[in-house]
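Taken together, the values in this text are just the output of simple stated rules run on the coordinates, not laboratory data. Please read these numbers as outputs of a predicted model, since none were measured by experiment. Here the Cβ positions follow ideal geometry from the backbone for every residue, glycine too, while neighbour counts run over all protein chains shown.
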Amino acid sequence: MDRALSQDEIDHVFRKVTGTTSSDELARKAVPYDFRRLDRIAKDQLRAIHLLHENFARNLASSLSAYLRAYVMVNLVSVEQLSFAEFLQCLPSPSCLVSLAMRPYEGNAVLEINPALVFPILEMLLGGTGRSGVKIDREITEIEQTILDGVYRIILHDLKQAWSPVTNIDFTIEARETEPQLLHIMAPNEAVLAIGLEIRMADNTGMMNIGMPSLIVKKLRQRFDQQWSVRRAESTPEEQARLLKIIKPATLQLDARLQGPALPAQDLLALQPGDILFLDYPIEKPITVLVNGVPKFRGFIGTTGRKRAFVVREREQVLD
């Protein structure tokens, strides 16, 4: 059978022989990259931020429990990097949002509390139990926003304390909003660090979300490294004084021993009255004092009044 090959069939045969692929096949294997997205935060820095906000969650649980006079649980759910548009899409509508200034740094953060938490908190602050079970889906009024200011002060205070080991950030409320899509404080494609916390109280469970500009967090990379490495190895004078206060009441056992020749137990049991035991320890030879079984000082045994005493001459050189 006589048939002429097309150019595509000829190219396909040559590609099989040479092992090459066409430009279309290479294009299909390529992964698209969005150059509008900022660089990702390093994994070790994300771990440090995760630990930081775990401490924030524990402190906030204690603070809200005391303020609301009810048992409150706060759990850190997630720490991830999203675009600002993606972060807003994850929030319910309507909701309770505030724009936070982050002085002395430029830029704003976002704090959002779900309505599933806002209205039970309002009920508890007004004398109720927060167990009504009625689901309310509406925007909060100006009076209700004023009542919530006390809760915001507690949250922002604990958030500031959580970040204080890394840097001093003064979080203050600049604006309030109820619709996430109307909050225009960042570009939609700007990267934010999204922190999600689950809050449980009475019979209610809801989320509190915090969005911080990733650009500011990335600028603090060096301070995170110092916090989790160098600063852990150093101690301040206040910390040293606190530790000294803790260990001062501790008791130690001191022993001054004559390290003479060893005596077999058989010879010790065979001793009779009148036998002479040579200790073979010169009077001018210093004695070692052991503190809790560890050699620490060398000196001589003496007396002070009717009590035995020990005169310290030098510190014992202990080899590791």
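Worth a mention:
- Paramagnetic reach from residue 288 in the range 241-256 [backbone N under 19 Å; point 7 Å along Cα→Cβ]: 253-256
- Taken over the range 88-179, the percentage of Cα pairs per 5 Å bin, counting from 0 up to the bin with the maximum distance, is 3, 12, 22, 22, 18, 13, 7, 3, 1.
- The range 270-320: trypsin sites (Lys or Arg not before Pro) in DSSP loop, at most 12 other beta carbons within 10 Å: 306
- Virtual spin-label span in nm between residue 176 and residue 236, 7 Å along Cα→Cβ: 3.5 nm
- For the range 43-237, the relative contact order is 34 percent, taking Cα pairs closer than 8 Å that sit 6 or more residues apart in sequence and dividing their mean separation by the residue count.
- Cα convex hull volume per residue for the range 67-111 (Å³): 146 Å³
- Taken over the C-alpha atoms, the range 43-237 has Rg and Dmax values of 16.9, 54 angstrom.
- Long-range amide H partners of residue 190 with built H, under 5 Å: 84, 85
- Long-range amide H partners of residue 132 with built H, under 5 Å: none
- When each of 43/245; 160/245; 160/248 is checked by Cα-Cα distance, pairs over 31 Å: 43/245; 160/248
- Were the residues from residue 167 through residue 315 laid out at 0.36 nm apart, the gain over their Cα-Cα distance would be 49.0 nm.
- Potential lengthening of the chain between residue 266 and residue 75 amounts to 62.0 nm, from the contour at 0.36 nm per residue minus the alpha-carbon distance.
- Length gained on full extension, residue 126 to residue 58, computed as 0.36 nm times the residue gap minus the Cα-Cα distance: 22.0 nm.
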